[in-house]
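One structure is given here, and the rest of the page talks about it.
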């Protein structure tokens, strides 16, 4: 097996390799600690490899080739095609059917959800699938008194595994196909690895049904009311303004500015009318009833200083936030990792004014934050409890960088377009599968058809695209070229194969699966494909193994980041709504990761050989 390896002398370490390895190290540090946004890091990679051309071998033309790469353009098109399906509201209809069919049975409900997530992700990119399924799942959890913690992580895992059913299920596969075409002149066909994907998905679904949900604690108790889910009882209070209060006849904005307290005026009731925040231009009057968000200590201080009187104690519920004839309501909103608010604070972006919405609490890493939340820098995966106007809720729903966990108003869906959208997706897949036209051409044609038929409106096209992923692809492709041209990939591959010299071919395949999956937990799945495939191909060629099998093992390993919430976008999307802690992913994901390593490598060995 390793005769070829020892017949060749070890590659000589050069300055070119040192420069490229140094660049990779910097990129990994920036990705792991997110010192700057990942898309900006990717742009920096392009600049760096071009400026270091004498050592990287990548000039200006190749440096920007990632923007014109078939992988980049195809991934962009798939985001828009997925948006066409999302806009039809098909999953809402399916969710209603699941509730009726399950009839209170947890296993029926759970099995239908993970099966739907895994199966759908093979045709629609798995990130939009999870974005669509979160509101549906939260609604089902409320109706059936089930903890969303038991449902959301399994849905994310199933979508990741289902994404490996076809070429278009995940951006990772599309990028890996592009790299395989460049290195081996063998891109993936539409159903190249469907058999292996079905084995992997089937294994994952059996594990999730039999074991997975038992390993998940109920981080969020089954609650119908958002105020209970966010444990707001200690931070909400109602007070009335008596005639002798200093607040009488003062403007809300001026009075709140003078009060050096961490509080939010959520609602004002006057007579039979209720008014939601913002209330800056109104004046306080005697008899006004105020709903406040603040700590008990701050409330006592406010009541003493302003002579406020408590309203007869009662339980404040979600319904109390629906004011002005239903124009305002309480909703739960998740920030995705590419949201422009990441790194900012609610105060610095003037969130309340910008979105006509008031943030009452923040859930992060399973913990609830209430105090001084306006000054807390926002992170990807943060879940905000927001009182928002109907217009603001619609704005959140239409912005792909937010996920609203409540189901959208059915009037916003284009259900009449469902047959058209499904037909377009079917045609895209069929044309590519039969190799009548390349996947790039069929996907772009599908985008044109989606817009022409009204499934996606022209102003929604750019909003549908995850531009962070596009920038990552464009920026990392030249880094892969630098690894190949500088000899870095060959040098690293020699080192790996030398360390694994006592292992059979199957063992080396397993080494690359494990190494790739560990890298993917820390950096993006697309970054791990760019870094690992050139090494895997070199290692296979050194040892006389089949390089294509090693490309496949890296592709599958990069698509299964099950150990952390940060390794894959879908995990981050469910992190907040599920109330998970970081270790919850390790608890449920580690046994499945080991199982999938063996199943994937065994499947490749049986189907393609090693």
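Every number in this text was worked out from the coordinates using simple rules, so none of it is lab data. All values derive from a computational prediction rather than experimental measurement. Using ideal geometry, Cβ is built from the backbone for each residue, glycine included, and neighbour counts are taken over all protein chains shown.
With respect to the chain, whose longest principal axis is taken over its alpha-carbon atoms, helix 525-543 is tilted by about 20°.
The distance from the alpha carbon centre of the range 24-94 to that of the range 335-355 is 23 Å, rounded to a whole number. Here the translational diffusion coefficient of the range 299-448 follows from Stokes-Einstein with Rh set to the Kirkwood radius across Cα pairs; for 10 °C and 1.306 mPa s it amounts to 84 µm²/s. From least to most packed, judged by other beta carbons within 10 angstrom and beginning with the fewest, 73, 530 follow the order 73, 530. Which angle between 0 and 90 degrees, to the nearest 10, do you get for helix 90-102 versus the longest principal axis of the chain when only C-alpha atoms count? The angle comes out near 80 degrees.
For the range 282-362, relative contact order (Cα pairs under 8 Å, six or more residues apart, normalised by length) works out to 14 percent. Rounded to the nearest 10 degrees, the inclination of helix 171-184 to the longest alpha-carbon principal axis of the chain is 20 degrees.
Tell me the mean residue ellipticity at 222 nm calculated for the chain from its helices only (DSSP H runs of n ≥ 4, each -39500 (n - 2.57), averaged over every residue, nearest 500). Spell out each step's value before the answer.
Numbers: 27 runs with 334 residues, N = 610.
Calculated from helices alone, the mean residue ellipticity at 222 nm is -17000 deg cm²/dmol.
Counting other Cβ atoms within 10 Å as a rough exposure proxy, the listed residues 182, 354 run 354, 182 from fewest neighbours to most. Relative contact order, percent, of the range 226-316 when contacts are C-alpha pairs under 8 Å separated by at least 6 residues? Computed over the range 226-316, the figure is 44 percent. Take every pair of alpha-carbon atoms less than 8 Å apart whose residues are at least six positions apart; their mean separation over the length of the chain yields a relative contact order of 22 percent. Over the C-alpha atoms of the range 226-316, the Rg to Rh ratio, Rh being the Kirkwood estimate, stands at 0.93. Ranked by how many other Cβ atoms sit within 10 Å of their own Cβ, fewest first, the residues 467, 55 fall in the order 467, 55.
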